[in-house]
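I have placed the structure first, in the form of structure tokens, so that the comments after it can refer back to it.
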Amino acid sequence: MTPAEPAFWTDWLCRQALPLWSDAGHDEHGFVERLAPDGTPQPDVPRRLMVQARQIHAFAIAARRGWYPGAADLALRAGDTMITRYWQADAQPGWAFSCTRRGAVADLRRDLYAHAFVLLALAALIRLDPAPRTVALVHQTLAFLDQALAHPAGGYVEAWPRAVLPRRQNPHMHLLESLLTLHETGACGDLTPRIAALIALFDTRFLPAGDDVLAELYAADWTPVNPDCAFEPGHHFEWIWLLERTAALTGIAVGDRVSRLRRQALRGMTADGRVVDVMGPDGAIAASCRLWPALEAAKVLTGPARDLVLGTAWRIFFAPAHPGGWIDHVDPGGDPLVAFIPASTLYHISTAVDHLG
């Protein structure tokens with residue numbers, strides 16, 4: 001097998017990544033935030049809600065696909081820990097941002113991005129066990145978003161109780177992903193109106209007609225804070241995957257959105273198959289590369305282009321790393337820009353392998 005083949009990645013997940021992250025990457029207090037480059041845990045780094053949710057999602061995929069014995073039990077136990085420690089942790093509504101290893105709340109804010117991933121984790125748990133408590137938490141979380149984070153200009157603010165600027169499209173993108181996954185479970189009622197509202201926000205604010213560049217940052221009224229027209233190719237690829245899922249699951253037409261996103265996303269691919277961090281009108285603004293955009297590209301590319309991206313990703317991010325780990329971010333010369341292995345990337349890897357396989 002070669003890195004261009006989906007079976008190669010499945011084998012790597014089963015034999016190396018999932019064993020590492022279920023052992024060194026997990027303890028009695030939940031999932032660790034990151035590992036050292038040699039694969040040893042760094043257990044005392046505060047544990048973000050987002051990471052707990054992403055790891056639950058990853059191991060639930062492994063359980064559904066039969067990739068790893070005990071994956072379902074691990075995901076369900078981690079789900080119980082997440083709910084106990086983060087949900088209304090300080091007797092306030094919503095989910096706390098992070099906790100210490102022992103479960104004390106480290107950051108009390110309610111973060112939109114983290115809440116989007118909690119909903120994804122709850123969807124994953126429902127697929128394993130549609131317990132009434134889990135379904136109820138979905139509805140309570142959605143109610144919290146509507147009551148505390150909804151903004152009159154559309155969408156949601158970044159955080160509660162103190163709103164912050166700039167606003168971002170990225171949390172809304174992942175909220176769409178979570179709603180689509182919840183919709184697939186069939187356990188949480190009709191979510192089509194919420195999905196349609198996010199597509200409308202995409203059309204009116206994120207990528208209006210005639211615009212090919214998906215802005216990242218916005219003022220409170222959704223005016224782009226993007227004077228140099230810089231954009232992230234990785235998010236263009238990610239939106240393509242979600243829009244195609246939206247059309248398949250709901251029948252909402254995607255029109256020319258995908259082709260417009262694709263034109264810009266492909267500008268961020270180098271001849272050797274890397275996906276750069278940030279592009280501007282005249283070329284790369286940040287020619288460094290992270291792992292996740294390559295995986296998002298692999299989900300929407302086909303044929304030789306996909307094979308090139310996968311092969312390059314293996315060579316740059318995986319082959320030099322500890323077995324089961326990765327190098328998350330490299331400079332233009334391929335040298336690492338981070339001194340640890342972030343747990344959060346397993347979400348991108350598992351989702352990509354699930355899609356490819």
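Rundown of residues vs (1) surrounded by fewer than 19 Cβ atoms within 10 Å (Cβ to Cβ); (2) under 20 Å from the mean Cα position of the chain (by Cα); (3) modelled with pLDDT of 95 or more, yes/no style:
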{"residue": "Gln55", "(1), (2), (3)": "no, yes, yes"}
{"residue": "Arg65", "(1), (2), (3)": "yes, yes, yes"}
{"residue": "Tyr68", "(1), (2), (3)": "no, no, yes"}
{"residue": "Trp95", "(1), (2), (3)": "no, yes, yes"}
{"residue": "Val105", "(1), (2), (3)": "yes, no, yes"}
{"residue": "Arg109", "(1), (2), (3)": "yes, yes, yes"}
{"residue": "Thr134", "(1), (2), (3)": "no, no, yes"}
Are any of the residues in the stretch 85-105 under 19 Å from Asp354 (Cα atoms), assigned to a helix (DSSP H, G or I) and not β-branched (Val, Ile, Thr)?
no
Index of the failed condition, Ala248 passing every other in (1) closer than 30 Å to Pro193 by Cα; (2) hydrophobic (A, V, I, L, M, F, W, C); (3) in contact with a Phe, Trp or Tyr (Cβ under 9 Å, 6 or more places away or on another chain):
(3)
Check off (1) hydrophobic (A, V, I, L, M, F, W, C); (2) out of contact with any Cys (no Cβ under 8 Å at 6 or more places or on another chain); (3) touching a residue at least 60 places away in the same chain (Cβ under 8 Å) for Ile126 and give me the number that stays unchecked.
(2)
If I filter the stretch 1-20 down to residues being in contact with a Leu (Cβ under 6 Å, 6 or more places away or on another chain) and crowded, with 17+ Cβ neighbours inside 10 Å, which single residue comes out as nearest to Pro69 (Cα to Cα)?
Pro6
Quick check, is Ile61 out of contact with any strand residue (DSSP E or B) (no Cβ under 9 Å at 6 or more places or on another chain), at negative phi and either surrounded by fewer than 19 Cβ atoms within 10 Å (Cβ to Cβ) or of a type outside the set (Phe, Trp, Tyr) (or both)?
yes
For the stretch 238-283, the count of residues that are small (Gly, Ala, Ser) and buried (at least 19 other Cβ atoms within 10 Å of the Cβ) equals 3
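If we scan the stretch 254-265, do we find a residue that is within 29 Å of Ala36 (Cβ to Cβ) and assigned to a loop (DSSP other than H, G, I, E, B)?
No, every residue in the stretch 254-265 fails to be within 29 Å of Ala36 (Cβ to Cβ) and assigned to a loop (DSSP other than H, G, I, E, B).
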Checked the stretch 22-36 for anything in a loop (DSSP other than H, G, I, E, B) and free of Cβ contacts under 8 Å to residues at least 24 places away in the same chain; matches are Ala24, Glu28
Of (1) assigned to a helix (DSSP H, G or I); (2) farther than 30 Å from Arg168 by Cβ, Gly39 fails just (1)
Taking the stretch 302-332, which residues are part of a loop (DSSP other than H, G, I, E, B), among the hydrophobic types (A, V, I, L, M, F, W, C) and farther than 18 Å from Glu5 by Cβ?
Ala321, Trp326, Ile327
Only listed residue being surrounded by fewer than 22 Cβ atoms within 10 Å (Cβ to Cβ), modelled with pLDDT under 95 and farther than 27 Å from Phe202 by Cα, chosen from Asp90, Asp73:
Asp90
Kindly indicate whether Gly311 is of a type in the set (Gly, Ala, Ser) and over 30 Å from Ala123 (Cβ atoms).
yes
Log entry, pairs with first residue in the stretch 76-89 being under 11 Å from Arg110 (Cα atoms), second being in a strand (DSSP E or B) and aromatic (Phe, Trp, Tyr), beta carbons closer than 6 Å, six or more apart or on different chains, reads Tyr86/Trp95; Trp87/Trp95
Here the qualifying pairs (Cβ atoms under 6 Å; residues six or more apart or on different chains; first in the stretch 285-308 and in contact (Cβ under 8 Å) with a residue 60 or more places away in the chain; second aromatic (Phe, Trp, Tyr) and not in a strand (DSSP E or B)) come out as Glu296/Phe237; Ala297/Phe237; Lys299/Trp241; Val300/Phe237; Val300/Trp241
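To keep it simple, each residue is scored yes or no on (1) in a loop (DSSP other than H, G, I, E, B); (2) within 27 Å of Ala339 (Cα to Cα).
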| site | (1), (2) |
| --- | --- |
| Phe8 | no, yes |
| Leu18 | no, yes |
| Asp44 | yes, yes |
| Gln52 | no, yes |
| Tyr68 | yes, no |
| Leu74 | no, no |
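The values are calculated or read from the model by the stated rules, or taken from the named source; none is laboratory data. Only a predicted model underlies this, so the values are computations on that prediction, with no experimental measurement involved. Methodologically, a virtual Cβ is constructed for each residue, glycine included, from the backbone with ideal geometry; neighbour enumeration extends over all protein chains shown.
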